[in-house]
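A quick write-up on the structure given underneath.
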Amino acid sequence: MKELLQEIARQEAISEEILGAAFQRGEVAVFKASPQGKAIAVGTGLRVKVNANIGTSGDLHDEDRELRKLEAAVKAGTDAVMDLSTGGDLRSVRRKIVSGSSVPVGSVPIYEAIVNSVRRKGGAEKMEPDEMLDAIRLHGEDGISFVTVHCGVTLSALKHIERNPRVCGIVSRGGSFLARWMRRNGKENPLYERYDEVLEICRQYGMVISLGDGLRPGAIADSLDAAQLEELMTLGDLYRRARASGVQAVIEGPGHVPLDQIAPQMLLQKRLCDNAPFYVLGPLVTDVAPGLDHITSAIGGAIAAWHGADFLCYVTPTEHLGLPDVEDVRMGVLAARVAGHAADLVRRRGDAWKWDTEMSRARKARDWKEQFRLALDPDLAREIRSRTCYGEEHETCTMCGDLCAYKADSE
Ligand code: SF4
């Protein structure tokens, strides 16, 4: 691990001492590399990272399409991907994604246990607890770097939702099927009860456990309710148990959150979970923008990362509408990267400030080649310039033409 931390310290332009200390405190988690790739780290003092979810569904299971989505996510600059496949040959697509990825790959093993139980026994509620753990082991064997496990969905937390019904109930796929299993079988969550075995599997395969927020809010009106808070407190305890047993852990977070609740929720997580790395989905700051949810989540993601979130799970324009395709994945990653970079600026990362200053200098000089080289997505900037303008050689652009302020100010 020492060499890996040295390499990451170089990547992150941070001192080995500061990184090493944050790692020892559990405030930084290192995601092991996939066979072709490099490891990354998320947490205190590091650049905000972005994850892109890909994977088949029961209705759309084309492995080549998923590999094109993987390629698009990596080209757009994602730091990690998660294979959330639930359709077709799950092991085959997972192995292809892991072997074809240059970034760490995560997964949600409970999905495979659910799909197998539905296919073989006719219902997810017929899953055996051993099958839930076997799925985690299988993903470890296939080279997965981090696994989402919904250990915080407990009978006690579910009672809050029964007492105070939500607008959208439980929206996490893993959380909703686990809750149904618990209700139908009248039993506690096996991933909570047999947590030590879950940790042992993660240790065996060197996987980071991503403590899933199965009770995250899926509607602005459901944000910050008792069920979400109880789960967060449980995840804090489970995080401490993971650390005590030498397993790296990150905490997953919301969801649909109104603007004025984002900073408080980041503070709550950092307080209740000992500054553990925080991996948030979005958050989405409104429910009313289907087709634009890469934007609603980028707004929330920027504020969340400003206030402590370390790892942003992207949201694509197809969220709430359908399975994303290649271009949706690209737009989702780019939007999340804008959010992460905007936060890096206010988290006082020198390299972030240097990047923005270099871009503004190139813009002032109307050096289009340099602007494209520095752009978060050079192809997108070049494509729009050529669509709206003359060639790269032309000094100004069609926005102002000869009334270019930069030109006027420098003459
Ligand atoms: S023409 Fe206007 S928009 Fe274009 S570079 Fe100059 S100031 Fe900027």
The stretch 12-164, relative contact order [Cα under 8 Å, separation at least 6], %: 22
Taking the stretch 228-279 as the region of interest, what is the percent of Cα-Cα pairs per 10 angstrom bin, listed from the shortest bin to the one with the maximum distance? 25, 55, 16, 3
Can you find, among Leu267, Thr86, Val103, the residue sitting farthest towards the positive end of the charge dipole of the chain, where Lys and Arg contribute +1 and Asp and Glu -1 at Cβ? Leu267
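Please work out the FRET efficiency for the pair Arg183 and Glu358, using the Cβ-Cβ distance as r and a Förster radius of 41 Å; give the result to the nearest 0.05. The partial results should precede the final answer.
Working: r = 56 Å, r/R0 = 1.36.
That pair, Arg183 with Glu358, gives E of 0.15.
Just to be sure I understand: if I project the alpha-carbon convex hull of the chain onto a plane and average over all orientations, what area do I get in nm²? Please report the intermediate quantities before stating the final value.
Values: hull surface 82.3 nm².
With every direction weighted equally, the projected area is 20.6 nm².
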Extending each Cα 7 Å along its Cβ direction at Ala221 and Asn116, get the distance between those two points in nm, one decimal. 3.9
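Hey, got the dipole for the stretch 351-410? About the Cα centre, +1 on K and R Cβ, -1 on D and E Cβ, debye to the nearest 20?
Working: 11 positive and 13 negative charges, 15 e Å.
For this selection, approximately 80 debye.
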In the chain, if the dipole is taken from +1 on Lys/Arg beta carbons and -1 on Asp/Glu beta carbons about the Cα centre, which of Leu403, Asn189, Trp353 is farthest to the positive end? Asn189
Hey, what's the stretch 2-347 come to in accessible area per residue, 1.4 Å probe, Å²? 38
Gln24 and Ser410 label points (each 7 Å along its Cα→Cβ direction) are spaced in nm at 5.0
Acute angle (nearest 10 degrees) that the helix 129-141 long axis makes with the longest principal axis of the chain, alpha-carbon atoms: 40
Quotient of C-alpha Rg and 2.2 N^0.38 Å, computed over the stretch 351-410: 1.12
Among bridges DSSP assigns within the stretch 1-86, what percent are antiparallel (round to 5)? 50
Taking the alpha-carbon centroid of each part, what is the distance from the stretch 124-172 to the stretch 259-289 in angstrom? 20
Computed on Cα atoms, the radius of gyration and Dmax of the stretch 254-366 in angstrom are 15.1, 49
Which one, Cys397, Cys151, Cys168, has the greatest fluctuation when you compute a Gaussian network model over the chain with C-alpha springs under 10 angstrom? Cys397
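Set the Förster distance to 30 Å, then compute FRET efficiency between Arg387 and Ser15 from the Cβ-Cβ distance, nearest 0.05. Don't skip to the answer; put the middle values down first.
On the way: r = 44 Å, r/R0 = 1.48.
Working from the Cβ atoms, E equals 0.10.
In µm²/s, what is D for the stretch 154-220 at 25 °C and 0.890 mPa s, where D = kT/(6 pi eta Rh) by Stokes-Einstein and Rh is the Kirkwood radius from Cα pairs?
Working: Rh = 13.2 Å.
This corresponds to a translational diffusion coefficient of 186 µm²/s.
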Share of the chain's accessible area from carbon and sulfur, percent, 1.4 Å? 55
Scalar couplings 3J(HN,Hα) for the stretch 175-186 by Karplus 6.51 cos²θ - 1.76 cosθ + 1.60 (θ = phi - 60°), nearest whole Hz, x for Gly and Pro, are x, 5, 6, 5, 4, 5, 4, 5, 5, 5, 9, x
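Using a Förster distance of 22 Å, how high is the FRET efficiency between Arg91 and Val326, based on the Cβ-Cβ distance and rounded to 0.05?
Values: r = 23 Å, r/R0 = 1.05.
E(calc), rounded to 0.05, equals 0.45.
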Output the peptides 203-215, 231-243 sorted from most to least packed, where packing is the average of other Cβ atoms within 10 Å over each peptide's residues. 203-215, 231-243
The stretch 373-403 to the stretch 51-105: how many Å between their Cα centroids? 33
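So how much slack lies between Arg271 and Glu200, counting 0.36 nm per residue of separation and subtracting their Cα-Cα distance, in nm? Present the calculation step by step, with values, prior to reporting the outcome.
Values: separation 71, 0.36 × 71 = 25.56 nm, distance 2.64 nm.
Here the answer is 22.9 nm.
Under unit Cβ charges (Lys, Arg +1; Asp, Glu -1), what dipole magnitude, rounded to 20 debye, does the stretch 2-347 have relative to its Cα centre? Before the final figure, lay out each step's value.
Values: 39 positive and 46 negative charges, 46 e Å.
My answer is approximately 220 debye.
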CD proxy at 222 nm, helix term only [per DSSP H run n ≥ 4: -39500 (n - 2.57); per residue of the chain; nearest 500]: -16000 deg cm²/dmol
Antiparallel %, DSSP beta bridges [both residues in the stretch 2-347], to 5: 15
Sequence-distant residues sharing a close amide H with Thr316 (under 5 Å, placed H): none
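The values are calculated or read from the model by the stated rules, or taken from the named source; none is laboratory data. Keep in mind that what you see is a predicted model, and the values were worked out from it rather than measured. We place every Cβ from the backbone using ideal geometry, glycine too, and count neighbours over all the protein chains shown. For the accessible areas, the whole protein counts, side chains as well, though only heavy atoms, and no ligand, DNA or RNA atoms are used. Shrake-Rupley method; radii C 1.70, N 1.55, O 1.52, S 1.80 Å.
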